[in-house]
Amino acid sequence: MKQEVIIAGFGGQGILSMGKILAYSALMEGHEVTWMPAYGPEQRGGTANVTVIVSDRRISSPILSSFDTAIILNQPSLERFEKAIRPGGTLIYDEYGICQPPTRTDINIWRINAMDAAAEMQNPKAFNMVVLGGLLKVQPLVSLDSVRRALTKTLPERHHALIPANIEAIEKGMQIIENLQRA
Amino acid sequence: MEEQEIRLLKGNEAIALAAIRCGCDGYFGYPITPQSEILETLALEKPWETTGMVVVQAESELASINMVYGGGATGKRVMTSSSSPGVALMQEGITYMAGAEIPGVIVNVQRGGPGLGTIQASQGDYFQCTRGGGNGDYYVFVLAPASAQEMADFMDWAFTLAFRYRMPAIILSDGVIGQMMEKVVLPLFKPRRTDEEIARECPWAATGRKNRRNNILTSLSLDPQWMENHNLHLQEKYRKIRECEVRYEETLTEDAEHLIVAFGSAARIAENAIETCRERDIRVGMLRPLTLWPFPTDAIRQYSEKVKSILCIEINAGQMVEDIRLSVEGRCPVNHYGRMGGMVPTPEELVQVITKYCS
């Protein structure tokens, strides 16, 4: 098993931490992982992206120019990464940040209205966890239990009370993601 | 038995945690992207409360390296870290340490240059590090990690070499290795050396005179004959190191018709490209130097008699390629591919490059 994922959107959406939770969960299941952020003078509102690779074998390059799965959370990221998805690969996007929807016909396309769902749950900060839930529905890379354990391990104890709300957000994401196109 | 701890860590975090665990006595550093997590992680871990390791945010890189000079002179395992322009500032201290034969570890998480350059990854400091970097005839160890795990593993190795040969050791990393997170098996805790152990293992160190002659640690002598003898001693030390301490890794080289030579993050990206090329029946393998100084001259010379060509892939304009050409001495063609200024090649890009040069 090898899955190469790019997560891209605005700084402040929780993209890097979503990738980190995915990577940590995979590590806890015994996989090899790399988490490579586009680091730079990043800021809230600027573009942010992270490449997460999960594999059963040693991972060579942490830097990639094509991906199995792209999670796209704003228009500039769609323009940059839609073309980088391998034929037969998967695109997941939140309509909220997208004014011109994807046009590729040779990939699987899923839509998740995570921004709306998080707002409805009165937990806008859990937006990234709703998206993660969507990803795990489409690509069951790690179990929900591993995510729970990863959150417990990575969050400082004072934030442990927030774990159930995060798990709820992931489950919500699993429910609401919808398929728009099969490759 | 103590179990080894497995963590998801940035290369920078791995190096900081490994330093605490390998009995480091002191860290002195000044923040600069892309390596600030080293100082930040040490500040969060507060090792002064556990192992007694000192952590100081110095006022500048010059202060940092001179604190390393002072700590090393007393036989303590001390270190600093910085990124390219900061390491440039440290060169005076490094040459003084080489001259006075003072051990210490310097971590360079490289970024693009020249000058203040950019904060993205680069391997543009190969010359700076492998040629000494400061004034006079000297070398320092240059170790090139290619993963977060190696960032952790090379820490103790660097201290071991620095003390075995009484000279500075540089861990030459880059922004990619420093910033990415990977699975890291942390080394087990090793206690810091006691004052008695230091006095026994480092009889040259300034540990308090007591009942012996003064230990004088200086790079200065106004007697040219003394200074030439000292240089001859240093050169003999470097000869011995070239003979004993070269380390490299070989991947898919047994049946290789062409050899790639790359280090650090460039080697990781090249490895991915080699996997693709192998699927297309291009028989390439890779030699990855773990020590850039001492350089694996003999190994590369031997390959140059077997392979059709050697391709050097670096994230610079062509620096290590000079050492390869000096090793090959015209026995086979040597090509180079590099990116600069913080741009990093992609695996697809390297597949094209390898296809062009190696088939």
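The numbers here are math on the coordinates, done by the rules we state, and not lab data. What you see is a predicted model, and the numbers here were worked out from it, not measured in a lab. Counting neighbours? That spans all protein chains shown, and the Cβs are built from the backbone with ideal geometry, glycine included.
Mind checking which lysines have their C-alpha under 21 Å from A:LYS125, skipping anything on the same chain fewer than 8 residues away?
A:LYS20, A:LYS137, A:LYS153, A:LYS172
Kindly express, to the nearest 10 degrees and within the range 0 to 90, the angle between helix B:264-279's C-alpha long axis and the longest C-alpha principal axis of chain B.
20
Fewest Cβ neighbours within 10 Å first, please rank B:TYR126, A:TYR24 accordingly.
A:TYR24, B:TYR126
To make sure I understand, if each residue's beta carbon is the centre and we count other beta carbons within 10 Å, what order do B:LYS356, B:LYS10, A:LYS172 fall in, fewest to most?
B:LYS356, A:LYS172, B:LYS10
Using the number of other C-beta atoms within 10 angstrom as an exposure proxy, rank B:THR207, A:THR69 with the fewest first.
Going from least to most buried by this count: B:THR207, A:THR69.
With a length cut of 18 Å (Cα positions projected on each helix's long axis) and a Kyte-Doolittle mean of at least 0.0, go through chain A and give me the DSSP H helices that pass.
A:15-28, A:163-176
Of B:LEU186, B:LEU217, B:LEU326, which has the largest mean-square fluctuation in a 10 Å C-alpha GNM of chain B?
Highest fluctuation among the options: B:LEU326.
When the Cα centres of the stretch A:48-122 and the stretch B:51-120 are compared, how far apart do they sit, in Å?
Cα centroid of the stretch A:48-122 versus Cα centroid of the stretch B:51-120: 41 Å apart.
Please give me, ordered by residue number, the trypsin sites (Lys or Arg not before Pro) of the stretch B:267-326 that lie in loop per DSSP and have at most 14 other Cβ atoms within 10 Å.
Taking the stretch B:267-326 and a limit of 14 other Cβ atoms within 10 Å, the loop trypsin sites (Lys or Arg not before Pro) found are B:ARG280, B:LYS306, B:LYS308.
Decide, for the protein assembly as shown, between rounded, prolate and oblate: order the square roots of the alpha carbon gyration tensor eigenvalues as a ≥ b ≥ c, take rounded if a/c falls under 1.5, and otherwise choose prolate if a/b is larger than b/c, else oblate.
Oblate, since a/c reaches 1.5 and b/c is not below a/b.
Below 30 Å, Cα to Cα, which lysines can B:LYS210 reach? Residues fewer than 8 away in the same chain don't count.
B:LYS76, B:LYS190, B:LYS237
Straight-line reach from A:LYS2: which aspartates and glutamates have a Cα under 13 Å away, not including same-chain ones fewer than 8 places off?
Partners within reach: A:GLU32, A:ASP56, A:ASP68.
Using only alpha-carbon positions, what ratio does the radius of gyration of the stretch B:249-358 give when scaled by 2.2 N^0.38 Å?
0.95
Select from the stretch B:307-359 those GluC sites (Glu not before Pro) which occupy a DSSP coil region and have at most 12 other Cβ atoms within 10 Å, ordered by residue number.
B:GLU329
Can you give the extra length, in nm with one decimal, that the chain gains between B:GLU305 and B:ALA206 once fully stretched, where that is 0.36 nm per residue apart less the Cα-Cα distance?
Length difference between fully extended and current span is 30.7 nm.
Pairs of Cα atoms under 8 Å, at least six residues apart: use those to get the relative contact order of chain A, whole percent.
Across chain A, relative contact order equals 22 percent.
Calculate the all-directions average of the projected area of chain B's alpha-carbon convex hull, and give it in nm².
Taking the Cα atoms of chain B, their convex hull projects to 19.2 nm² on average.
How tilted is helix B:224-244 with respect to the longest principal axis of chain B? Cα atoms for both, answer in degrees (0 to 90, nearest 10).
50
Express in whole angstrom the spacing between the alpha-carbon centres of the stretch B:265-304 and the stretch B:206-240.
39
With the convex hull built on the Cα atoms of the stretch A:2-181, state its orientation-averaged projected area in nm².
Spelled out: convex hull of the Cα atoms, projected over all directions, averaged, 9.8 nm².
Note down, for the stretch A:1-41, the three equivalent ellipsoid semi-axes (square root of 5 times each alpha carbon gyration tensor eigenvalue), biggest first, whole angstrom.
Over the Cα atoms of the stretch A:1-41, the ellipsoid semi-axes are 21, 10, 9 Å.
With θ taken as phi - 60° and the coefficients 6.51, -1.76 and 1.60, list the Karplus ³J(HN,Hα) couplings across the stretch B:201-207 in order, rounded to whole Hz; mark glycine and proline as x.
For the stretch B:201-207, the Karplus curve yields 7, 10, x, 7, 6, 7, 10 Hz.
Once you place label points 7 Å from the Cα toward the Cβ at B:GLN57 and A:ALA119, how far apart are they in nm?
3.9
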